[in-house]
Amino acid sequence: MAPDAPVYVAGHRGMVGSAIVRRLQALGHDNILTATHAELDLTDPARVRQFFGDHRIAHVVLAAAKVGGIHANNSYPAEFIHENLMMECNVVHAAHVAGVQHLLFLGSSCIYPRLAPQPMREDALLTGTLESTNEPYAIAKIAGIKLCESYNRQHGRDYRSVMPTNLYGPGDNFHSENSHVIPALLRRFHEAVQAQAPEVVIWGSGTPMREFLHVDDMAAACVHVMQLPDSVYRAHTQPMLSHINVGTGVDCSIRALAETIARVTSYTGTLVWDRSKPDGTPRKLMDVSRLAALGWRAQIGLEDGLRDAYAWFLAHQGEARR
């Protein structure tokens, strides 16, 4: 990736897409192409084809996606599978037609079976039943991997896929109802400090184990994978098993996470665990040995990353709460 090579980042306003733009800029890339949803609806094939035809693009990062929590996935399964499939198909095909040789597709750890052995290896894909609550989204992400592999096999393209673990950091969604565990807890503890609440109630027992990756580490991993020589990438992957897990390779209990967030937000009250609420899957951890063999490991520790995410929340409370 030459510093002046045109790079199109789809989804640049999202948490991951914006982090990738920051990473590219920090590395001296000054020819980054972006488009808002109003400027380019990625579910519209004609507009996507025209966009690629109008711009000279050397590399594509497909970070755009329709995302949401369990409630959103259960309420709008048709929208989640349709919109994500359309975006993937339109961007990948238009890139191919326009002669773009290099593309990076971002997926999700939900592609793996609900009861996949831990830590989850890349070869666990398509070996069991998916988690029902987000199956449509997961199916779309699996299709994205296979879409890239198919264009590689038939047309000799170099389209790669990375699957992140649970992400957090600047640009996250801190909505009171729709956010994931880290932004939800950061906001809850912050509000408890402001209200001088004597206790914070947290769902479940606190025993489930989860892995978390700071979004800036994710961005660094994405650029690292994009920059790998084709021969190196192919030496560590297979034509029909080409995706790469991205994570820390380390997990922690939800209890330990909550205690760390209490420390980060300076909350000194009591943590109460509501065991009548569900715990979810006992453990979700990614096997990141393939990425380590390719020369990359996470650099941001959990507490440092949480402090960074909390600082961003404090500086952007208005937009973060929406």
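Read the figures in this text as sums done on the coordinates, not as results from a lab. None of the values given here were measured: they were computed from a predicted structure. Note: ideal-geometry Cβ built from the backbone for every residue, glycine included; neighbour counts use all protein chains shown.
Summary of computed values
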read-out: Per-selection Rg to Rh, the stretch 125-219 - Cα, Kirkwood hydrodynamic radius; value: 1.10
read-out: Placed amide H near Leu167: partners under 5 Å, 5+ positions off or other chain; value: Leu213
read-out: Stretchable slack from Thr36 to Asp230, in nm (0.36 nm times residue separation minus alpha-carbon distance); value: 66.8 nm
read-out: Helix 302-315 vs. the chain, principal-axis angle (Cα, 0 to 90°, nearest 10); value: 90 degrees
read-out: Dipole axis of the stretch 223-322 (+1 Lys, Arg; -1 Asp, Glu on Cβ), positive-most option in Leu228, Phe313, Ile254; value: Ile254
read-out: Test item: Cα-centred dipole of the chain, Lys/Arg +1 and Asp/Glu -1 on Cβ, debye; value: 300 debye
read-out: Dipole axis of the stretch 1-97 (+1 Lys, Arg; -1 Asp, Glu on Cβ), positive-most option in Leu40, Ser75, Ala65; value: Ala65
read-out: Amide H contacts of Ala64 (H built 1.01 Å from N, under 5 Å, at least 5 apart or other chain); value: Ala10, Gly11
read-out: The stretch 1-131 - charge dipole about Cα centre, Lys and Arg +1 at Cβ, Asp and Glu -1, debye rounded to 20; value: 180 debye
read-out: Using alpha-carbon coordinates, inclination of helix 254-264 to the longest axis of the chain, degrees; value: 80 degrees
read-out: Rg followed by Dmax, in Å, when the chain is reduced to its Cα trace; value: 19.7, 62
read-out: Which of Ala138, Pro170, Tyr151, positive extreme of dipole for the stretch 125-173 (C-beta unit charges); value: Tyr151
read-out: Rounded to whole Å, sorted largest first: equivalent-ellipsoid semi-axes of the stretch 70-125, Cα gyration tensor; value: 26, 19, 7
read-out: Å³ per residue enclosed by the Cα convex hull of the stretch 266-322; value: 184 Å³
read-out: Relative contact order for the stretch 61-119, counting Cα pairs under 8 Å that sit 6 or more residues apart, in percent; value: 48 percent
read-out: The stretch 30-77 - Rg over Rh from alpha carbon coordinates, Kirkwood radius; value: 1.08
read-out: J(HN,Hα) series, the stretch 94-102, from Karplus relation 6.51 cos²θ - 1.76 cosθ + 1.60, nearest Hz, glycine and proline x; value: 5, 4, 4, 4, 7, x, 6, 8, 10
read-out: Antiparallel DSSP beta bridges within the chain, percent to nearest 5; value: 10 percent
read-out: Considering only the stretch 156-275, percent of DSSP beta bridges that pair antiparallel, nearest 5; value: 20 percent
read-out: Over the stretch 70-175: Rg over Rh, Cα atoms, Kirkwood Rh; value: 0.99
read-out: Hz values of 3J(HN,Hα) by residue in the stretch 115-127 - Karplus curve (6.51, -1.76, 1.60), Gly and Pro given as x; value: 10, 5, x, 9, x, 7, 8, 4, 6, 7, 4, 6, 9
read-out: Quarter of the Cα convex hull surface for the stretch 179-292, i.e. its orientation-mean projected area (nm²); value: 8.7 nm²
read-out: Residue order, fewest to most beta carbons within 10 Å, for Thr265, Thr36, Thr260, Thr281; value: Thr36, Thr281, Thr260, Thr265
read-out: Sorted largest first, extent of the stretch 1-85 alpha carbons per principal axis (Å); value: 43, 29, 19
read-out: Binned Cα-Cα distances of the stretch 7-147, short to long, each 10 Å bin given as a whole percent; value: 12, 38, 34, 15, 1
